[in-house]
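Novice: Pasting in a structure now, in structure tokens, and then I'll have a few things to ask.
Coordinate-derived values only; no laboratory data. What you are looking at is a predicted structure, and each value in this text was computed from that prediction instead of being measured. Neighbour counts are summed over all protein chains in view; Cβ atoms, including those assigned to glycine, are modelled from backbone coordinates with ideal geometry.
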Amino acid sequence: MRIPTPTKFYARCRRALALTHARSGTSRYCVCCDRRSRRFLPMGDYEYNRREDAKCPWCGSLERHRLLWRFLSNTFDLAENTFEVLHFAPEPCLERLFQHCTKWRYLTADLYAPAMAEEDITQLSFDADRFDLIICSHTLDHIPDDRKAMSEIFRVLKPGGVALIISLVDPSLSQTRSGPPSGAPARERGHECIRIYGNDLPEHLAAVGFQVNVIDVAKELTREEQILWGVAPKSNPTLLRHSDIHVCRKP
Ligand SMILES: [Zn+2]
């Protein structure tokens, strides 16, 4: 049996106490796991991008997952739609929910992480015009040839189908640039971010053929709902945006 060092032991105890404390209350609600908590856990490694009320202490959902589920359940009849769905780089908290959409033909794909299909998003093996709905969250900013990835998503989507793209966006940038966000470590929690999108992300998506509509779902909630869901708008408007949904329709 490996005995942890005192530093690691105390760090584990602190994490366990923080988790227990966060779970022991009812002032937050996670739609992904249908559970209440005192508060969500903080996320972000660097000061300007830190979110204090972000991660569900039960299922690990983040703001973008809760908002995406809200958008999906408000936009589609999830119990009745017989969609062919591709979920790229599937997040477990959403994957569990999507399993309940029993009329979906649901497929997950990833190149590195466990998924139903092993797929390179820049070279998908699927036929053209196959999927009604594609979900791709916080993936494109890790792909060297993101234009090719966008083209592939467009190719495998049915005409009239919708791709929901979520990515990290720096609202202070008019143009996307290479490299991680300013002041951030090159590697955040093990995930290399090789570019930071600016306000021109919709133009990049439109360039491959999509009709793009950007939706901030949090704005559609009441102030009370925003606090309950842990998605209240940040006081600093220059903070990186995590949750805007780029609704990309294939004409
Ligand atoms: Zn949860």
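Novice: With +1 on each Lys and Arg Cβ and -1 on each Asp and Glu Cβ, how big is the dipole of segment 14-108 about its Cα centre, in debye rounded to the nearest 20?
Specialist: Its charge dipole is roughly 520 debye.
Novice: Multiply the residue gap between Q99 and K8 by 0.36 nm, knock off their C-alpha separation, and tell me the result in nm, one decimal place.
Specialist: Extra length from Q99 to K8 when fully extended: 29.1 nm.
Novice: Expressed as a fraction of 2.2 N^0.38 Å, the rule-of-thumb size for a compact globular protein of N residues, what is the C-alpha radius of gyration of the chain?
Specialist: 1.04
Novice: Separate question: Mind checking which lysines have their C-alpha under 28 Å from K8, skipping anything on the same chain fewer than 8 residues away?
Specialist: K8 reaches K55.
Novice: Quick one: if you stick a label point 7 Å off each Cα along the C-beta vector at K148 and R223, how many nm between them?
Specialist: Using points 7 Å along Cα→Cβ, the separation is 5.0 nm.
Novice: Still on this structure, please answer the following. On full extension of the chain, what length is gained from R177 through A117, given 0.36 nm per residue of separation minus the C-alpha to C-alpha distance?
Specialist: 18.5 nm
Novice: Then there's this: Amide H of E84: which non-local residues (sequence gap of 5 or more, or other chain) have their own amide H closer than 5 Å, using H built in the peptide plane?
Specialist: Amide H neighbours of E84, under 5 Å, 5+ apart: R105, D132, L133.
Novice: How big is segment 1-128 by Rg and Dmax over its Cα atoms, in Å?
Specialist: Over segment 1-128's Cα set, Rg and Dmax evaluate to 18.3, 56 Å.
Novice: Using DSSP, restrict attention to beta bridges with both residues in the chain and report what percent are antiparallel, rounded to the nearest 5.
Specialist: Percentage antiparallel, nearest 5: 50.
Novice: Next question. Treating the angle as unsigned and between 0 and 90°, give the value, to the nearest 10°, between the Cα long axis of helix 63-75 and the longest Cα principal axis of the chain.
Specialist: Between helix and principal axis, roughly 40 degrees.
Novice: Another question, then. Order of 206-212, 146-152 by packing, highest average Cβ count within 10 Å first?
Specialist: So the order, starting with the most tightly packed, is 146-152, 206-212.
Novice: Zone of R35 (label point 7 Å along Cα→Cβ, backbone N under 17 Å): which residues in segment 60-93?
Specialist: 60-63, 65-66, 92-93
Novice: So which aspartates and glutamates can K148 reach, going by Cα to Cα under 13 Å and dropping same-chain residues fewer than 8 places off?
Specialist: Cross-link targets: D120.
Novice: Among 107-119, 59-71, 77-89, how do they line up by average Cβ neighbours within 10 Å per residue, starting with the highest?
Specialist: By packing density, highest mean first, the sequence is 59-71, 77-89, 107-119.
Novice: Using a Förster distance of 45 angstrom, determine the FRET efficiency expected from the C-beta separation of E203 and E80, and round it to 0.05.
Specialist: Computed FRET efficiency for E203 and E80 comes out at 0.80.
Novice: Quickly estimate the mean residue ellipticity at 222 nm for the chain, helices only: each DSSP H run with n ≥ 4 gives -39500 (n - 2.57), and the total goes over all residues, rounded to 500.
Specialist: One gets -7500 deg cm²/dmol as the mean residue ellipticity at 222 nm.
Novice: Given H placed 1.01 Å from N in the peptide plane, which residues other than close sequence neighbours of R177 have an amide H under 5 Å from its amide H?
Specialist: I196, G198
Novice: Could you work out the local net charge near I196, counting Lys and Arg as +1, Asp and Glu as -1, over the other residues with Cβ closer than 9 Å to its Cβ?
Specialist: That works out to 0.
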